Amino acid sequence: MKETALTQLHISLGAKMAEFAGYNMPIVYSGINDEHKAVRKSVGVFDVSHMGEFMLKGEKALDLIQMVTTNDASKLTDGKIQYSCLPNNEGGIVDDLLVYRWNATEYYLVVNASNIEKDWNWISKHNTFGVEMTNMSDELSLLAVQGPNSIKTLQKLTSIELSSIPYYAFAAGTMAGIDDVIISNTGYTGAGGFEIYVWNKDARKMWDAIFEAGKEFEIVPTGLGCRDTLRLEKAFCLYGHDIDDTTSPIEAGLGWITKFTKSFIKSDYHKAIKDNGPTKKLVGFEIPEKGKIPRQHFKIKDAAGNEIGEVTSGTQSPSLNKAIGLAYVKTEFSAIGSEIFVEIRNQLVKAVVVKTPFL
């Protein structure tokens, strides 16, 4: 397994470690519920250094990005960020990603850890524009400082006015005495916060500085376990669960990042799904019955026992204290209030389609 610059620190702190996307990552420290609630109420820190980062430079960098992503990156201005995805040739999704614009000829792509090589090869394959591509994934560390007290914690460490960085925007400068830091108003928890990019050699110094600054807010280290429960409460898609090589962004409710004002790989296919209406949709659901937790790949059925879909993500929500999930279902069962049934241990458990986000 690969390690991040902080893997040994996590082990020394007593984190429960496990393999994730080829990396030895902290899954849980004190407990998923405790860590989850700390992020919702105050501040927690995730080491997500396993994520991938590519730099694209050149006069035609935007042209390449426009071809390989579904969102319209021409709308970006310097210092802004866009959520997007990479469509494949079969009508599915290679990956979802963030596109950062430094300037008109320099962009920064942040991709999922499990897809670094796959994404690199895919974008490289379509780079007929002479764009200079650099894979910086092994050189950078990424700390996600999330929660309502994240801004108060981090502001102690920098002269950059963090409140002036809008959501989905970034600034570069000095933090905790470390130069060349990217401070990004992003995160995948829905609790607010920032993601901090530093070179590997500075990762431990940044970690220690953040925890010192956050002491008064009872800052805690947080693992990938609660990252999953936090994102699910906000109905954020997770690659390999709610979106994958077989799902269209239109089916996944990602029409808002799929812009047909430009041409991209397989754009006509996705536009046809939008125009004609998808045959299946990603929906949120709740299970009223206590103790019944939905998990990925559990079948969804109708009242007569006919299969109508499949669970993609499910958990017991620590904030809501109820079982929630995401699932693809046939479109006729996708309306809010629709009654569906999740097959859990050969038993059909009643569930209700609800509006997302759950929280």
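Just tell me which lysines come within less than 17 Å, Cα to Cα, of Lys292; anything on the same chain fewer than 8 places away is out.
Lys301, Lys322, Lys350
Check cross-link reach from Lys262 to the aspartates and glutamates: straight Cα distance under 18 Å, and skip same-chain residues fewer than eight apart.
List returned: Asp63, Asp72, Asp275.
Go through Lys299/Lys330; Lys57/Lys259; Lys60/Lys80; Lys37/Lys80; Lys152/Lys234; Lys80/Lys280 and tell me which ones have a Cα-Cα distance over 21 Å in this structure.
Cα-Cα > 21 Å for Lys57/Lys259; Lys37/Lys80; Lys152/Lys234; Lys80/Lys280; rest within.
Please compute the volume of the convex hull spanned by the alpha-carbon atoms of the stretch 26-143 and report it per residue in Å³.
Residue-normalised Cα hull volume stands at 128 Å³.
What percent do you get for the relative contact order of the chain when only Cα pairs under 8 Å and 6+ apart count? Please report the intermediate quantities before stating the final value.
Details: 831 pairs, mean separation 62.5, N = 359.
For the chain, the relative contact order is 17 percent.
Determine the distance separating the Cα centre of the stretch 130-185 from the Cα centre of the stretch 12-56; give it in Å without decimals.
17
Per-residue counts of other Cβ atoms within 10 Å, averaged by peptide: what ranking do you get for 158-165, 44-51, 77-84, highest first?
Going by the mean number of other Cβ atoms within 10 Å, highest first, we get 44-51, 77-84, 158-165.
Summing +1 for each Lys or Arg and -1 for each Asp or Glu, what net charge is found among the other residues whose Cβ lies under 9 Å from the Cβ of Asp72?
+3
Every number here is computed from the coordinates shown, using simple stated rules; none is lab data. A quick note: this is a predicted structure, and the numbers were derived from the prediction, not measured. Cβ coordinates were reconstructed from backbone atoms using ideal geometry, including for glycine residues, and neighbour counts include every protein chain displayed.
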